[in-house]
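Take a look at the structure below.
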Amino acid sequence: MEQKTKVKGNIHYVGVNDRVKHRFEAMWPLPYGVSYNSYLIDDEIVALVDTVDICYFEVYLRKIKQVIGDKPINYLIINHMEPDHSGSIRLIKQHYPDIVIVGNKQTFGMIEGFYGVTGERYVVKDGDFLSLGHHKLRFYLTPMVHWPETMMTFDETEGVLFSGDAFGCFGALDGGFLDTRINLDKYWGEMVRYYSNIVGKYGSPVQKALQKLGGLPISAICSTHGPVWTENIAKVVGIYDRLSRYDADEGVVIVYGSMYGNTEQMAETIAAELSAQGIRNIVMHNVTKSHPSYIIADIFRYKGLIVGAPTYSNQVFPEVDSLLSKILLREVKGRYLGIFGSFTWAGAAVKRMAEFAEKSKFEVVGDPVEMKQAMNDITYTHCENLARAMADRLKKDR
Ligand code: FEO
């Protein structure tokens, strides 16, 4: 049994898989499910690190008891209060009434607010220390990765970092939880989609956290979602580092709305010319078909963004408008932007997308292309010119 739960030393995995929920945070599709990870340190003093979504409490409690039997748990360390991890606090407290909750000043206000749980607590500050016997824990406050109370716990004895959401990804764990024992293919794409949609706005706090943790001798990262990282630590930290700097690969995301296929022909023309100009990474998203989480992930991946929309009731086509607000919310930085749009009797989409260009502070490339009703020779030429301007700008960075 132990082999199935053991992370390292006396540290055990007691997390659960959710293959039922359709949308994480009621917004983000979960085609491969998601795991809520929790860890048990079975030392002289026993500590539980984070909990799981309340829906899985029965399974969770059984997993805990399979490791420690009827032994009490002394500490419950709360690195993050979002309910996918904090959801079982009240029930854990009912089963282990003497448990002492460990968190920082911000944590306890939330515990009381969400769950009405009070009682004995250990309030930690940045750099504080807790000995469990063999395992020595140190706490690092990492606010806004992903909420204000977020912190990380580092086990100095084994070099294990309990990182909360950081370094996590979507995707339930099929069988094992260690990166050395499972096929990781599905997690890399889901890591980008998880980061860009959930944590994406907080690039600067993530950078601060990475600097704070930079010197630690980390041998394993135990995040709250996805595999436990051991052999892939450099790769995972590299992905988070790059995404949080809004650094991106050469490539273009063409995202557009189209009601009857005319605006779509503009997108196709631009894409074909980009390809002819030697740009290999071109991703096209029809906003009414692709879920925004996949579009956002691709915008984090690639440096170029070309947005197209018909005019709808004197506004930008609503699905494109909604996407633009999602991009602004995440404060994505440093993209090259192209704009195209259409109208039937009075143009508004292109004009309004220029307002987005200003707010986003993206570097606008080429001339915006505006089409009346359907493609003609001039529109083809203008679309190709826009594509060439984007290709030229990208090639300058080579
Ligand atoms: Fe997985 Fe921010 O919670």
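The values are calculated or read from the model by the stated rules, or taken from the named source; none is laboratory data. The structure presented is a predicted model; accordingly, all values stated were derived computationally and were not measured. Ideal geometry is used to build each Cβ from the backbone, glycine not excepted, and the neighbour counts take in all protein chains shown. Ligands, DNA and RNA are excluded from the accessible area calculation, which covers all protein heavy atoms including side chains. Shrake-Rupley method; radii C 1.70, N 1.55, O 1.52, S 1.80 Å.
Give the residue that is nearest to the ligand (Cβ to nearest atom), with candidates limited to residues of the stretch 175-211 that are in a loop (DSSP other than H, G, I, E, B) and under 21 Å from K8 (Cβ atoms). Outline the logic, then answer.
So the first thing to find is which residues in the stretch 175-211 are in a loop (DSSP other than H, G, I, E, B), and the list is 175-177, 179-184.
Narrowing the set further to residues that are under 21 Å from K8 (Cβ atoms) leaves 175-177, 179-182, 184.
Values: G175: 22, G176: 21, F177: 16, D179: 19, T180: 23, R181: 23, I182: 20, L184: 20 Å.
Top of the filtered list is F177.
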Scan the stretch 126-145 residue by residue and report those that are under 25 Å from Y96 (Cβ atoms), among the charged types (D, E, K, R) and in contact with a Lys or Arg (Cβ under 9 Å, 6 or more places away or on another chain). D128
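Here's the yes/no breakdown for (1) within 27 Å of R138 (Cβ to Cβ); (2) surrounded by 20 or more Cβ atoms within 10 Å (Cβ to Cβ):
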residue	(1), (2)
G9	yes, no
Y13	yes, yes
R19	no, no
Y60	yes, yes
P72	yes, no
R90	no, no
D98	yes, no
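Give D84, D43 a once-over and let me know the one that is out of contact with any helix residue (DSSP H, G or I) (no Cβ under 9 Å at 6 or more places or on another chain) and under 19 Å from T150 (Cα atoms).
Values: D43 fails: under 19 Å from T150 (Cα atoms).
After ruling out the rest, the residue left standing is D84.
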List every residue pair whose Cβ atoms lie under 6 Å apart, where the two residues are 6 or more positions apart in sequence or sit on different chains, the first residue falls within the stretch 312-328 and is in contact (Cβ under 8 Å) with a residue 60 or more places away in the chain, and the second residue, located anywhere, is among the hydrophobic types (A, V, I, L, M, F, W, C). F317/A309; E319/V287; V320/V287; V320/A309; L323/V287
Need pairs with beta-carbon distance below 6 Å; first residue of a type in the set (D, E) and within the stretch 173-185, second surrounded by 14 or more Cβ atoms within 10 Å (Cβ to Cβ); sequence gap 6+ or separate chains. D179/P227; D179/W229; D179/T230; D179/N232
Of the residues A271, A248, A297, which is at pLDDT 95 or above, touching a Ser or Thr at 6+ places or on another chain (Cβ under 6 Å) and either among the aliphatic types (A, V, I, L, M) or over 20 Å from R335 (Cβ atoms) (or both)? A297
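Please go through the stretch 215-257 and give me each residue that is small (G, A, S) and either part of a strand (DSSP E or B) or open to solvent by 20 Å² or more (accessible area, probe 1.4 Å) (or both), ordered by number. Steps first, answer last, please.
Taking the stretch 215-257 first, the residues small (G, A, S) are 215, 219-220, 223, 226, 234, 238, 244, 248, 251, 257.
Of everything in the stretch 215-257, those that are small (G, A, S) and either part of a strand (DSSP E or B) or open to solvent by 20 Å² or more (accessible area, probe 1.4 Å) (or both) turn out to be G215, S219, A220, S223, A234, G238, G251.
Looking at Q277, Q265 in this structure, which one is open to solvent by 60 Å² or more (accessible area, probe 1.4 Å) and polar (S, T, N, Q)?
Details: Q277 fails: open to solvent by 60 Å² or more (accessible area, probe 1.4 Å).
So the residue among Q277, Q265 that is open to solvent by 60 Å² or more (accessible area, probe 1.4 Å) and polar (S, T, N, Q) is Q265.
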Test F162 against the criterion of being within 14 Å of the ligand (Cβ to nearest atom), under 11 Å from the mean Cα position of the chain (by Cα) and open to solvent by less than 10 Å² (accessible area, probe 1.4 Å), and give yes or no. no
